[in-house]
Structures are given as structure tokens and as C-alpha cells.
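Only one structure is covered here, and it is reproduced in the block below.
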Amino acid sequence: MTSVAIVTGASSGIGAATARRLAAEGFHVLAAARRTDRLAALVAEIGAAGGSAAAVECDVTSAESVAGLAAAAAAAPGPVTLLVNNAGGARGLDPVESGSVGDWQWMYDVNVLGTLRVTQALLPALEASGAGTIVIVSSTAGHVVYEGGGGYSAAKHAQTAVAGTLRLELCGRPVRVIEIDPGMVRTDEFALVRFGGDADRADAVYAGVAEPLVAEDVADCVAWCATRPQHVNVDRLVVRPLAQAAQHKVHRAG
């Protein structure tokens, strides 16, 4: 039977690229996100390329919505062997002393509690498959802090803690836990969302960087980790563009 992969945050960026790549790898992909129009276009694109996918409307901040995703997984045409917890994001670049509590709450709910809700809902199916894999797409911000990034870094540090704890708790059960931590990735929406739609501020993040990572680079990492033999667990994969030697060290031309 065809293995089923579930990708959250699949309507754009890394999630959409991951859904495409996993379909190309032979998975039936459940592409989950809030924006159903984008999901419909993605599923049509995957189908036209010879892949198999279905759209599932899902808001990871809603327990009821996540329950609907679990129901869709139960009705999928094969065992659920892969969950990619990709939904997340950043809001604002304010210092701690003036940061928006609302922005911090949103980042924690989407990045951390969203991962928790979806993992809890899908873990029984992943374990029942006998060869489950959970991929948590976090960030290098989960290991290194930076000015203005307090809320996002705090959420990503928490997400990293969830991944490590879950791996310990599932030891001896047939489910791998993999954490992928990208550095600078240029996607169509991440920085725009962070800066409330301010395109100039979003573009400034990547100014002078000729080749930041793109969504397909991270999707490639997800696919590689997920398709290793089941006894191989890639605990953590950190990936940055060549121009970014560290969180605070980026080569910018000119």
C-alpha cells in the first residue's frame, strides 16, 4: 500500500515544496493548511506531475480542526508513516522590553502548541504503521538568540525541546523523531508575515545575499531524512546557505 505523508503549513513556502517533493518520492500526501484555495492548486499541480495528494483544511491552533486532520488521515489510502510538522512563523522584530504579547502568544501557539496538537493526534497512526517518522521543521533560532528575535527564538527553543523530549519518550517504539533547523531561507511569505506585509523590510533581510536557501532546499532535507532506512534516525539537521556562517555572520555583496 502507498505510504501516507502529512505536511502542515502546506499552502506555501517550505510546506508546499515539501508536499511536492514527497509526492515525487511516492508518498500520498495530505497537504494541510488553512488556505484551501492554495491547497487545491497545489494538489492539482502534484496530480498533473503524476503524484498523489489530497487537501485537508487545518488550523493547527484549533484542536477541533486538528481532529479533522486525524480523521482525514484515518481515511487515507494507506498507512500514515510520515508527519512533517512544518506550520509556523514569526511576527515582529521588537526587543523584549517592547515586544507584543499578542505576537509572542501567536508564535508560541502556532510553532509549539501546533506541533503538540498535531503530533498527539497523529501519533497513534504513525505508531500503528510500524515505521513512523515525525519531522519537526524548527530553525537555527532554536539554538541561538539574536536581538529582536526573543519571541521567535523562545518559540523555536521550545520546539527543539519538544523534539528532544519526544525522541526520549518514544525510544523503543517504532517512531523516529527528526528535527530540521534551517537558517536563512527566502520564501514568498515568511519575512512578509514577520513584518506585517512590509515588502521593503522583508527584502532587506536578504539584501546582498545572492543565494539564500529556498524552500526546495529544505524540502530536499526533509525527503532525505525521511527516506533513510527506518533504523537510521537523523536527530538534528542544521542547514544554512553558504553565505551564512552563523546566525550573526552573513556575507552580503556590496
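For the chain, the relative contact order comes to 19 percent (Cα pairs under 8 Å, sequence separation of at least 6).
For the stretch 125-240, the relative contact order is 31 percent, taking Cα pairs closer than 8 Å that sit 6 or more residues apart in sequence and dividing their mean separation by the residue count.
Under 10 Å, Cα contacts only: if you run a Gaussian network model on the chain, which one of Thr18, Thr160, Thr187 comes out with the highest mean-square fluctuation? Of the options given, Thr187 has the highest mean-square fluctuation.
With every protein chain in place and a 1.4 angstrom probe, the accessible-area ranking of Asp94, Asp181, Asp37, largest first, reads Asp37, Asp94, Asp181. Largest mean-square fluctuation among Pro229, Pro241, Pro212, in a Gaussian network model of the chain whose springs join Cα atoms under 10 Å apart, belongs to Pro229. Counting each DSSP H run of 4 or more residues in the chain as -39500 (n - 2.57), what helix-only mean residue ellipticity at 222 nm follows after dividing by all residues, to the nearest 500 deg cm²/dmol? Estimated from H runs of four or more residues: -12500 deg cm²/dmol.
Our summary of shape: the Cα atoms of the chain have principal axis extents of 53, 40, 34 Å, ordered from largest down, in whole angstrom. By a 1.4 Å probe calculation restricted to protein chains, His143 has an accessible surface near 70 Å², given to the nearest 10. Largest mean-square fluctuation among Ala125, Ala191, Ala207, in a Gaussian network model of the chain whose springs join Cα atoms under 10 Å apart, belongs to Ala207. Accessible area per residue for the stretch 1-145 is 40 Å², calculated with a 1.4 Å probe on protein heavy atoms, without ligands, DNA or RNA.
Within the accessible surface of the chain, defined with a 1.4 Å probe on protein heavy atoms only, the carbon and sulfur portion equals 55 percent.
Relative contact order, whole percent, for the stretch 5-104 stands at 29, derived from Cα pairs under 8 Å and 6 or more residues apart. Per residue, the accessible area of the stretch 156-230 comes to 46 Å², computed with a 1.4 Å probe over protein heavy atoms only.
The values are calculated or read from the model by the stated rules, or taken from the named source; none is laboratory data. What you see is a predicted model; the values in this text were computed from it and never measured. Calculation scope for accessible area: heavy atoms of the full protein, side chains included, ligands and nucleic acids excluded. Shrake-Rupley method; radii C 1.70, N 1.55, O 1.52, S 1.80 Å.
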